[in-house]
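Q: Below are the structure tokens for one structure; questions will follow.
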Amino acid sequence: MSDRLKRRLGTGALLTVSAVVLGACAENAPQDSLSPAGPYARQIDTLFRPVFWIAVAVFVLVQGLLLYAVFRFRHRGDRGIPVQVHGNRRLEIAWTIIPAMLLAGIAIPTVGTIFSLDRRPAGDVLDIRVVGHQWWWDVEYPTLGVVTANEVHIPAGRPVRLSLETEDVIHSFWIPRLAGKQDMLPGRTTTLNIQADEPGTYEGQCTEFCGASHANMQFLVIAQVPAEFDAWVQDQGRPAVAPAAGSPAAQGAEIFVRGTEVGSCVGCHAIEGVQGAEARIGPNLTHFGSRATFAGAIFQNNAENLRAWLDDPDSVKPGARMPDYNLTREEIEALVAYLQGLE
Amino acid sequence: MAAVVDEQQVLRRRGVFRRPSATTGAWSWFTTVDHKRIGKLYGYTSFAFFLLGGIEALLIRLQLARPNGQVLSADVYNQIFTMHGITMIFLVVMPMSGAFFNYLVPLMLGARDVAFPRLNAFSYWVFLGGGLFLYSGIFLGGLPDGGWVGYAPLSTQNIAVHRMDFYALGLLILGISSTVSAINFAVTIINMRAPGMSLMRMPVFVWMTLVVSFLLIFALPVLTIGLVELFFDRQFQTTFFQAAQGAQGDPILWQHLFWLFGHPEVYILILPAMGIVSEVLPVFSRKPLFGYPVVVFSGIAIGFMGWGVWAHHMFVTGLGPVANSAFALSTMFIAVPTGVKIFNWLATLWRGDIRLQTPMLFSLGFIAMFTIGGLSGVTHAVVPADYQQSDTYYIVGHLHYVLFGGSIFGLFSGFYYWWPKFFGRMLSEGLGKLHFWLMIIGFNLTFGPFHILGLQGMPRRIYRYEEGLGFDFWNLVSTVGAFMIALSIAVFIFNVVRAHRRDEPAPEDPWDARTLEWTTTSPPPAHNFDEIPVVRSLDDFWHRKYAEGQDGRLAPVVAGGADAQGAVAVRRDDAGHGNDSGSGDGSGGHGGHGIHMPSPSYFPLLAALGLPVLAFGLLYSTFLVADGVLLLLLGLYGWAMEPSAE
């Protein structure tokens with residue numbers, strides 16, 4: 001039995017360690033916190049790794065002692081009653097002091113990193129305001145006059161300071177490869193530094209349970225080379241282009257403003273350049289067609305997904321705040337044409 | 001005094017408040033005040049809830065076995081995971097620990113019952129009522145769905161359905177149960193120890209019960225305040241936790257209140273299991289617990305330090321670098337007494353005569369698994385690392401290594417160890433070992449992968465995940481593991497059924513144990529001990545059996561010597577604490593004749609019934625509120641006025 005115990009726990013230990021190490025180099029894990037892609041995430045990673053190995057060492061020590069004791073001192077029938085040891089003051093002081101010193105050693109860099117991550121980065125910092133909503137993200141560039149949703153464009157290699165707020169319940173903004181997470185709290189503004197070393201698309205999602213579609217509150221951070229980012233800002237800064245008269249898209253634009261008997265799109269959505277479309281309840285759709293995803297970044301932005309979404313939002317995204325206006329097939333097609341044209 | 005007697009005689013003549021006297025039969029379970037039977041009621045009920053919470057866990061694992069699971073809708077999933085957490089914490093680990101407290105503490109102390117036997121019955125019925133009330137939402141618009149932490153303002157958002165009202169009121173009711181129970185045990189432990197049972201001769205399990213009792217007494221009021229405010233925010237439009245639209249409240253206040261309760265709660269959940277392990281290891285190593293005072297004091301230290309670490313649940317809320325640093329340090333340093341316990345347990349094994357019987361296997365499993373939970377806990381104290389780990393499956397893994405690998409393994413160790421004492425039957429060793437190996441392998445398969453999933457970016461409390469995030473494989477492994485745990489529980493149930501079908505009485509002392517509960521029959525008589533034992537040392541029973549020489553070597557005490565050495569009968573005329581005292585203020589004669597035990601009573605049940613009725617009334621009708629209050633008052637009045645015996 002004790003041989004089996006030993007084997008089992010031995011393999012268990014090995015498995016755990018190797019699995020976590022494997023996890024560290026897992027491919028196709030776009031939200032992997034162990035493959036940092038920017039200085040803030042890397043700072044955390046640099047702190048975590050030695051702590052992890054210290055924990056592994058303690059793990060091996062304790063489980064090793066446990067297995068050794070069980071194996072070495074198991075009942076064999078011929079030893080009689082063991083010596084009754086009641087304690088040993090020196091040993092007990094030792095295993096109080098040594099772990100305390102070890103922990104003090106971990107505490108020092110921990111505190112240093114806490115303060116360092118909290119500071120506003122020096123130099124040319126881009127400020128972005130992100131507001132959490134059930135269940136999507138409103139993204140605003142106060143200095144650049146750009147408003148978008150669910151996709152945060154940033155220039156690669158440049159520090160970004162996020163101001164995080166929420167419109168309703170608590171959300172948490174987490175982009176694991178670029179930074180740790182930060183809650184968004186009603187009545188407060190919190191901050192988070194992110195930075196990507198290289199251009200690329202990074203995935204993130206809400207990590208504070210926020211109701212029915214918590215799982216569907218995802219987002220992308222798209223890091224671009226600075227020139228491309230500047231071009232993107234230029235494009236996003238323009239008002240929407242009105243579609244050619246008589247086209248299906250123009251029909252869609254009309255439906256967007258006029259709506260159905262039940263309600264209209266402009267009741268919640270803004271499109272800059274469209275009269276009457278100024279509401280900020282739902283995402284700003286001015287350049288909807290330029291986005292890769294929509295509805296909390298859970299759908300690829302294509303005609304098929306958009307049709308399903310407009311037809312019955314709640315069935316594809318539980319609890320979605322966007323109402324079902326019982327749009328006809330023709331109305332949906334017209335709206336899809338219009339929205340996809342908003343590049 | 002004379003007036004009281006007169007009044008009692010009046011009542012008896014009227015026959016209105018005739019006190020029940022039956023101690024057998026189905027009805028007697030409703031009126032019992034015997035700590036052993038109440039302990040069993042706690043055990044049966046919490047085990048039923050354990051199966052329910054386990055089924056919820058299996059549903060969760062089925063839903064998450066593959067990407068985009070279709071087993072449950074988002075809405076149902078959110079209710080299920082919320083109830084899984086609430087159930088396992090408030091309806092399983094706490095009351096199951098309570099089952100052990102109830103059954104064992106008086107026996108271990110050498111007492112005949114707890115200090116307040118009727119209050120003890122009351123706390124059980126309130127617990128049952130609170131649990132059923134929490135689940136009654138299933139017929140009334142849904143179960144709580146805001147997570148077991150009930151964070152505002154999500155928990156105050158949807159007032160159209162009562163789901164989170166069931167949460168607030170249900171936990172309030174359970175809090176009453178735990179509070180009165182905790183007071184009962186604290187009073188029992190302080191006042192009802194057998195002669196010679198000084199505090200430092202108490203078994204560690206009793207010590208841990210005492211620490212847990214004080215933690216409950218101080219922690220629950222904090223939760224109570226929070227829950228009342230939550231309920232007011234929902235029902236009376238107060239704004240304690242509301243910050244939107246110019247309201248002056250603060251959702252962070254809820255988190256502070258919740259975790260100021262919630263972190264001591266973690267120790268409330270783990271210390272009983274630590275107590276059990278501290279009893280089991282010495283028995284199956286045939287050595288005293290290494291450093292008994294240090295183990296006791298580190299338990300007390302954990303109890304104190306547990307009050308200074310709550311904000312480590314809130315590192316990502318933006319408390320600021322100073323607060324985060326302070327709580328990082330306090331959290332790291334609470335690891336020290338925890339580590340001390342682990343090393344003392346290891347030293348207890350060292351050079352022992354280790355018998356790997358089932359209770360011992362579960363205790364060893366506790367040490368191994370709890371160590372992993374403790375180490376992952378230290379990585380959370382590294383605050384920046386917690387910025388990544390918080391609210392991910394890594395945390396879910398950590399908490400299950402502590403509460404399942406720790407608490408549940410410890411409790412099963414206790415079941416196997418004390419089963420012969422509880423029921424007079426031995427559980428099968430072979431099936432017990434099968435249970436253990438299935439459970440520990442299944443446990444690691446289920447919860448080990450959570451660490452990887454969390455670090456790979458899987459948030460907790462999501463009803464689905466997409467393909468392509470790298471979550472598929474380990475989620476499937478975890479689901480397989482969960483069913484292995486379910487199988488191990490089936491083995492346990494089979495073991496129990498089998499043992500109870502066979503008519504093989506268990507001996508008084510099957511494990512060659514050390515503490516007083518093993519000196520009486522299995523199961524013990526209603527009055528526990530024919531003669532109240534006199535205690536001369538820690539592990540008194542052991543020392544009655546074995547004499548320890550100068551070199552620490554043991555020799556069995558010659559037959560017949562045991563009586564002469566230890567079990568001296570005394571009358572404890574001075575131990576009476578009113579008419580509820582169970583400590584035998586009558587004659588300590590042989591065979592239990594003439595020992596006055598507290599009489600059964602209807603009133604704890606009646607009073608307890610008032611609370612859920614009152615709670616339903618708060619949600620549905622003023623008329624029911626009145627009914628509930630009336631029941632409660634009637635119960636308390638009858639309780640106060642009933643004669644001590646019929």
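The values are calculated or read from the model by the stated rules, or taken from the named source; none is laboratory data. This structure is a prediction, so every number in the text was calculated from the model and none was measured. Note that each Cβ is placed from the backbone with ideal geometry, even for glycine, and that neighbours are counted across all protein chains shown.
Q: Considering only segment A:175-192, state which residues are surrounded by 24 or more Cβ atoms within 10 Å (Cβ to Cβ) and more than 8 Å from chain B (Cβ to nearest Cβ).
A: If the condition is that a residue be surrounded by 24 or more Cβ atoms within 10 Å (Cβ to Cβ) and more than 8 Å from chain B (Cβ to nearest Cβ), then A:175, A:177, A:178, A:184, A:192 are the ones that fit.
Q: Looking at this structure, is residue B:362 more than 9 Å from every other protein chain (Cβ to nearest Cβ), within 22 Å of residue B:386 (Cα to Cα) and buried (at least 24 other Cβ atoms within 10 Å of the Cβ)?
A: Taking the combined requirement at face value, the residue does not satisfy it.
Q: For segment B:260-287, which positions are within 14 Å of chain A (Cβ to nearest Cβ) and in a helix (DSSP H, G or I)?
A: Within segment B:260-287, B:277, B:278, B:280, B:281, B:282, B:283, B:284, B:285 meet the criteria.
Q: Within segment B:34-71, how many residues are surrounded by fewer than 17 Cβ atoms within 10 Å (Cβ to Cβ) and under 30 Å from residue B:604 (Cα atoms)?
A: The qualifying residues number 3.
Q: What are the residues in segment B:118-175 that are aromatic (Phe, Trp, Tyr) and not in a loop (DSSP other than H, G, I, E, B), if any?
A: B:122, B:124, B:125, B:127, B:133, B:135, B:139, B:166, B:167
Each row is one residue, and each column tells you yes or no for (1) within 12 Å of another protein chain (Cβ to nearest Cβ); (2) part of a helix (DSSP H, G or I).
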| site | (1), (2) |
| --- | --- |
| A:86 | yes, no |
| A:92 | yes, yes |
| A:98 | yes, yes |
| A:107 | yes, yes |
| A:112 | yes, yes |
| A:116 | yes, yes |
| A:131 | no, no |
| A:144 | no, no |
| A:147 | no, no |
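Q: Taking segment B:176-198 only, how many residues are outside any loop (DSSP other than H, G, I, E, B), touching a residue at least 24 places away in the same chain (Cβ under 8 Å) and not aromatic (Phe, Trp, Tyr)?
A: The total comes to 14.
Q: Okay, moving on. Can you name every one of the helices (runs of 4 or more DSSP H) wholly within segment A:225-343 that holds 2 or more residues which are at negative phi, without any contact (Cβ under 8 Å) to a residue 24 or more places away in the chain and small (Gly, Ala, Ser)?
A: Output list reads A:226-237.
Q: For segment B:298-309, state whether one or more residues are touching a residue at least 12 places away in the same chain (Cβ under 8 Å) and in contact with a His (Cβ under 7 Å, 6 or more places away or on another chain).
A: Yes; the residues of segment B:298-309 include at least one that is touching a residue at least 12 places away in the same chain (Cβ under 8 Å) and in contact with a His (Cβ under 7 Å, 6 or more places away or on another chain).
Q: Check residue B:383 against each of (1) more than 7 Å from every other protein chain (Cβ to nearest Cβ); (2) among the hydrophobic types (A, V, I, L, M, F, W, C); (3) closer than 19 Å to residue A:106 by Cα and name the one condition it does not meet.
A: (1)
Q: For segment B:132-141, which positions are crowded, with 18+ Cβ neighbours inside 10 Å and either modelled with pLDDT under 95 or touching a Ser or Thr at 6+ places or on another chain (Cβ under 7 Å) (or both)?
A: Across segment B:132-141, the qualifying residue is only B:137.
Q: Could you look through segment B:16-33, keep only residues that are of a type in the set (A, V, I, L, M, F, W, C) and assigned to a loop (DSSP other than H, G, I, E, B), and pick out the one that is modelled with the lowest pLDDT?
A: B:16
Q: So is residue B:348 β-branched (Val, Ile, Thr), part of a helix (DSSP H, G or I) and over 29 Å from residue B:218 (Cα atoms) or not?
A: yes
Q: Right, something else. For segment A:33-77, enumerate the residues that are more than 8 Å from every other protein chain (Cβ to nearest Cβ), hydrophobic (A, V, I, L, M, F, W, C) and either surrounded by fewer than 18 Cβ atoms within 10 Å (Cβ to Cβ) or in contact with a helix residue (DSSP H, G or I) (Cβ under 7 Å, 6 or more places away or on another chain) (or both).
A: Within segment A:33-77, A:53, A:54, A:56, A:57, A:60, A:61, A:67, A:71 qualify.
Q: Looking at segment A:162-201, what strands (runs of 3 or more DSSP E) fall wholly within it and have at least 2 residues that are under 17 Å from residue B:255 (Cβ atoms) and of a type outside the set (Lys, Arg)?
A: In segment A:162-201, the matching strands (runs of 3 or more DSSP E) lie at A:171-174, A:182-184.
Q: Somewhere in segment B:189-201, is a residue farther than 26 Å from residue B:218 by Cα and surrounded by fewer than 19 Cβ atoms within 10 Å (Cβ to Cβ)?
A: Within segment B:189-201, one or more residues are farther than 26 Å from residue B:218 by Cα and surrounded by fewer than 19 Cβ atoms within 10 Å (Cβ to Cβ).
Q: I'm trying to understand the selection: among the residues of segment B:84-128, which are within 17 Å of the chain's Cα centre (by Cα) and among the small types (Gly, Ala, Ser)?
A: Within segment B:84-128, B:85, B:97, B:98, B:99, B:121, B:123 qualify.
Q: To continue, here is another question. Would you mind stating whether residue B:498 is assigned by TED's automatic domain parsing to the domain that holds residue B:94, on the phi > 0 side of the Ramachandran plot and modelled with pLDDT of 95 or more?
A: Answer is no for this residue.
Q: Let me ask something else about it. Kindly indicate the residue of segment B:137-158 that is without any contact (Cβ under 8 Å) to a residue 40 or more places away in the chain and of a type outside the set (A, V, I, L, M, F, W, C) and also nearest to residue A:210 (Cα to Cα) among those meeting that condition.
A: My answer is B:157.
Q: Can you tell me which residues in segment B:441-460 are among the β-branched types (Val, Ile, Thr) and within 15 Å of residue B:365 (Cα to Cα)?
A: Within segment B:441-460, B:441 is the sole residue that qualifies.
Q: Oh, and also: What number of residues in segment B:509-530 are more than 20 Å from residue B:425 (Cβ to Cβ) and either surrounded by fewer than 21 Cβ atoms within 10 Å (Cβ to Cβ) or of a type in the set (Lys, Arg) (or both)?
A: 2
Q: Which of (1) within 14 Å of chain B (Cβ to nearest Cβ); (2) in contact with an Asp or Glu (Cβ under 6 Å, 6 or more places away or on another chain) does residue A:255 not meet, given it meets every other one?
A: That leaves (1) as the condition not met.
Q: When only residues in segment B:288-306 that are of a type in the set (Phe, Trp, Tyr) and within 14 Å of another protein chain (Cβ to nearest Cβ) count, which is surrounded by the most Cβ atoms within 10 Å (Cβ to Cβ)?
A: Looking at residues that are of a type in the set (Phe, Trp, Tyr) and within 14 Å of another protein chain (Cβ to nearest Cβ), I get B:290.
Q: What do you reckon, is residue B:126 out of contact with any Pro (no Cβ under 7 Å at 6 or more places or on another chain), away from every other protein chain (no Cβ under 14 Å), within 30 Å of residue B:236 (Cα to Cα) and surrounded by 24 or more Cβ atoms within 10 Å (Cβ to Cβ)?
A: Judged against the criteria, residue B:126 is a match.
Q: Any chance you could count how many residues in segment B:235-258 are within 14 Å of chain A (Cβ to nearest Cβ) and assigned to a helix (DSSP H, G or I)?
A: Counting residues in segment B:235-258 that are within 14 Å of chain A (Cβ to nearest Cβ) and assigned to a helix (DSSP H, G or I) gives 10.
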